[in-house]
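In what follows, a single structure is set out as structure tokens and then discussed.
The values are calculated or read from the model by the stated rules, or taken from the named source; none is laboratory data. Only a predicted model underlies this, so the values are computations on that prediction, with no experimental measurement involved. FYI the Cβ positions are ideal-geometry reconstructions off the backbone, even for glycines, and counts take in every protein chain you see.
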Amino acid sequence: MNNRYFNKIRFLIVKKLFKLISLIWFFYVTQAVAHPHAFITMKSKPLVKDQQLTGFTLELLLDEMSSSSILYDLKNSNNDKVARQKLVDEVIENIINEHYFSYAYDKQGKKIKFKRQPQNYGMKENGMQVLYYFDFLLAKPQPLKDNRVELLTYDKTYYVSMMYDQTNGETVDFSALPQNCQGTVIEPNYDEKIQEYAASLDRSQRNVDSSLGIIFAQKVNIDCK
């Protein structure tokens, strides 16, 4: 694969996918008039070792329209494994730079830091959709006794909806938690006015509202006695 061709594929995938303000403009040919403009369905799993929370596994399934351009470019890469892995690495690097789109807090409401380097990451083709997966680890494991951990995953601008589809089976696998812990997914609580405000923002909106995403974010709660 020559450098020009590789750079073309790298630009299309990395720039389109996870630089959230500009990526979706490349995927849509019809005029959208409301946030969000693309949809990512998530699944996650707490990672536990020695009665401590060490991190989370996260899966991000892109919607079919967002996936179609990526699948097309991957097909044209002629199954070059080296080039494909480089593309995945660059996408993951962009996810890291966005703090994994995730924010975790302990019982006192203090932000929990993550390690920069993810583990077990990659990409899969899931029919007509693209799935990215990775483990992100806590900088310091959290004890799962007399503690509470809250995890939120979202795009700050709500340009892309990132959600657990609880109507379609288990979305967060809490099976690794010890018996003294209970995991729940809490739906956001927002009023009609904020929904109307989000609907009023079109894809060309330049004044980015970075406070919007958290309002629509679901919460993964882990409560331990």
**Fill in**
Selection from the range 108-156 of residues closer than 30 Å to Ala198 by Cβ, assigned to a strand (DSSP E or B) and among the hydrophobic types (A, V, I, L, M, F, W, C) yields Ile112, Phe114, Met123, Val130, Leu131, Phe134, Phe136, Val149, Leu151, Leu152
**Prompt:** Counting only residues that are of a type in the set (Val, Ile, Thr), under 13 Å from Phe216 (Cα atoms) and part of a loop (DSSP other than H, G, I, E, B), how many does the range 157-174 have?
**Reply:** 1
**Item:** Candidate set: the range 106-134, residues that are under 21 Å from Gln182 (Cα atoms) and charged (D, E, K, R); chosen: the one farthest from the chain's Cα centre (by Cα)
**Value:** Lys107
**Message:** Looking at Phe174 and the list (1) under 26 Å from Asn97 (Cα atoms); (2) touching a residue at least 40 places away in the same chain (Cβ under 8 Å); (3) of a type outside the set (Lys, Arg); (4) in contact with a Ser or Thr (Cβ under 9 Å, 6 or more places away or on another chain), which single condition is not satisfied?
**Reply:** (1)
**Fill in**
When the range 87-100 is checked residue by residue, the ones that are at pLDDT below 85 and either exposed (fewer than 15 other Cβ atoms within 10 Å of the Cβ) or closer than 15 Å to Ile40 by Cβ (or both) are Val91
**Item:** Scan of the range 75-107 for residues that are closer than 29 Å to Lys145 by Cα and part of a loop (DSSP other than H, G, I, E, B), ordered by number
**Value:** Asp106, Lys107
**Message:** Take Val149 and tell me if it is in contact (Cβ under 8 Å) with a residue 24 or more places away in the chain and in contact with a Ser or Thr (Cβ under 6 Å, 6 or more places away or on another chain).
**Reply:** no
**Prompt:** For the range 199-225, how many residues meet the condition of being surrounded by 15 or more Cβ atoms within 10 Å (Cβ to Cβ) and modelled with pLDDT under 85?
**Reply:** 3
**Fill in**
Residue hits (the range 113-130; hydrophobic (A, V, I, L, M, F, W, C) and crowded, with 18+ Cβ neighbours inside 10 Å) are Phe114, Met123, Val130
**Complete:** Among (1) under 17 Å from Val220 (Cα atoms); (2) loosely packed, with under 13 Cβ neighbours inside 10 Å; (3) not charged (D, E, K, R), Leu177 falls short only on (2)
**Request:** Return only the number of the condition from (1) crowded, with 16+ Cβ neighbours inside 10 Å; (2) touching a Cys at 6+ places or on another chain (Cβ under 6 Å) that Lys145 does not satisfy.
**Result:** (1)
**Fill in**
Scanning the range 90-118 for residues that are closer than 16 Å to Leu60 by Cβ and free of Cβ contacts under 8 Å to residues at least 40 places away in the same chain gives Glu93, Ile96, Asn97, His99, Pro118
